[in-house]
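All of the numbers you see were taken from the coordinates with simple rules; none came from a lab. Note that the structure is a prediction, hence the values are computed from the model and not measured. FYI the Cβ positions are ideal-geometry reconstructions off the backbone, even for glycines, and counts take in every protein chain you see.
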Amino acid sequence: MTRLIIESAVLSGLALAGLMIAAGANAYVVQLLFSTALAVTLAVGWNLIGGMAGYVSFGQVGFFGLGAYAGALAMLKWALPWPLAIVLAACLAALLAWPLGRIMLRLSGIFFALGMFGLARVLQIIVNALEITGGPMGTSDPHRRRAGGDGDGDGGAGDRCGRADDGDQPLAFRAASRGTPR
């Protein structure tokens, strides 16, 4: 019990330090902190299922992607503030992971690995087929004007969110510094 309290305190302290650094930092530092936190979160998730349980899981990337799309769409399409979008994304991913995880955990060995791989592929196919996600090209941010694009979200040149070549701030920085996308 004491170890859990210490680990929780250290994790909370690190998260608070990261937020304080991000509050006064430039876009590069914020993106670096965001990418580091993302990698740590994925590593902890992999350690739980792969390291402690001994399962090889390819499905966690599907649930991670579902949460990522839900959070991004909540901010871009519904203009929710990023803390609320994060909670919504986590709840949506957990809502899907709970029943599917209960089914998949009845499998073992290669059958579990193949089942989770198939689940991740099915989630990818569904997300690619939805119009709200922008299909395989991703979603666009209608609130921004970009160099080379008109910002109307029609998928024209410069409208895509993932482009970093226009000198604009990344979505993580905008969410942390302004609350919602402009």
Shape call for region 58-143 from the C-alpha gyration tensor, a ≥ b ≥ c root eigenvalues: rounded (a/c under 1.5), prolate (a/b greater than b/c) or oblate?
oblate
Which FRET efficiency value, to the nearest 0.05, do you get for LEU105 and LEU14 by plugging their Cβ-Cβ distance into 1/(1 + (r/R0)^6) with R0 = 30 Å?
0.50
So what is the relative contact order for region 50-105, in percent, with contacts set as C-alpha pairs under 8 Å and at least six apart?
33
Given region 36-88, report the % of alpha carbon pairs whose separation exceeds 13 Å.
64
Would you work out which of ALA23, THR139, SER57 lies farthest towards the positive end of the dipole of region 1-142, given +1 charges on the beta-carbon of Lys and Arg and -1 on that of Asp and Glu, about the Cα centre?
SER57
